[in-house]
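The values are calculated or read from the model by the stated rules, or taken from the named source; none is laboratory data. Note that the structure is predicted; figures quoted are calculated from it, not measured. As a convention, Cβ positions derive from the backbone with ideal geometry for all residues, glycine included, and neighbour counts pool all protein chains shown. When the accessible area is computed, the model is the full protein with side chains, heavy atoms only, and any ligands, DNA or RNA have been set aside. Shrake-Rupley method; radii C 1.70, N 1.55, O 1.52, S 1.80 Å.
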Amino acid sequence: EANLMSTAAFTKYMVAKGTKELLQTKDFEDISVGDIARHCHISRNTFYYHFKDKYDVISWIFYSEITPIIGESPSMDNWADSLLALCRYLQENRVLYRKVLHIQGQNSFSECLMEFYVNLTQKLLLNAGGDRFLSPGQIRTISRFYAFGLTGVICNWARNGMEADPEPVVRMLEDLLSGEIFDRLIALQQDQHPPEKA
């Protein structure tokens, strides 16, 4: 497998793997860059060549593990299934994710999800023809509103230990974000501007 990856990608993968191994027994706060470098048998210089700091490693783990699950460009009808798959993945890897989900700041887990769901909601709105009566600024605001909701609910579920079955929550979010809401938005808009009578 190693020769299929570039050397840089392989080194990043190995550092991420080493960091995850250390997290099995230690808390993230107690792990230093020196610990990671020693564990991976690399120099600190090599570490810093690939990552800014240990937070950067976590961010790389989020992006490289989450993106394949929720997909680069989700289709309108399967985003909820991929969100459910993400929750199941978090449950399977809860030892790691319980330790790192609370990390805030640049490219944290919640930022990673936010970015993803802002893009998704914008697509949903545009597909529903929202750009006919919403300005780009309104579309951005509505997208952020829904993305904050989705991300908040998932992060809350995760912080509560990921014990609850995520399916009911995800299905509720799916209903919330389904065409129904956008249809209602459009109907409201059309009530305010009734079509001209012939």
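Can you run down the residue pairs with Cβ atoms below 6 Å, 6 or more apart or on separate chains, where the first is in the stretch 146-169 and in contact (Cβ under 8 Å) with a residue 24 or more places away in the chain and assigned to a loop (DSSP other than H, G, I, E, B) and the partner is open to solvent by less than 10 Å² (accessible area, probe 1.4 Å) and hydrophobic (A, V, I, L, M, F, W, C)?
Pairs found: Met162/Leu90.
Given the conditions (1) under 30 Å from Asp53 (Cα atoms); (2) surrounded by fewer than 12 Cβ atoms within 10 Å (Cβ to Cβ), and given that Tyr97 satisfies all but one, which numbered condition is not satisfied?
(2)
Mind listing whichever residues of the stretch 119-129 are crowded, with 20+ Cβ neighbours inside 10 Å and closer than 13 Å to Asp183 by Cα?
Here is the first cut: in the stretch 119-129, the residues crowded, with 20+ Cβ neighbours inside 10 Å are 120-122, 124-125.
Across the stretch 119-129, the qualifying residues are Leu124, Leu125.
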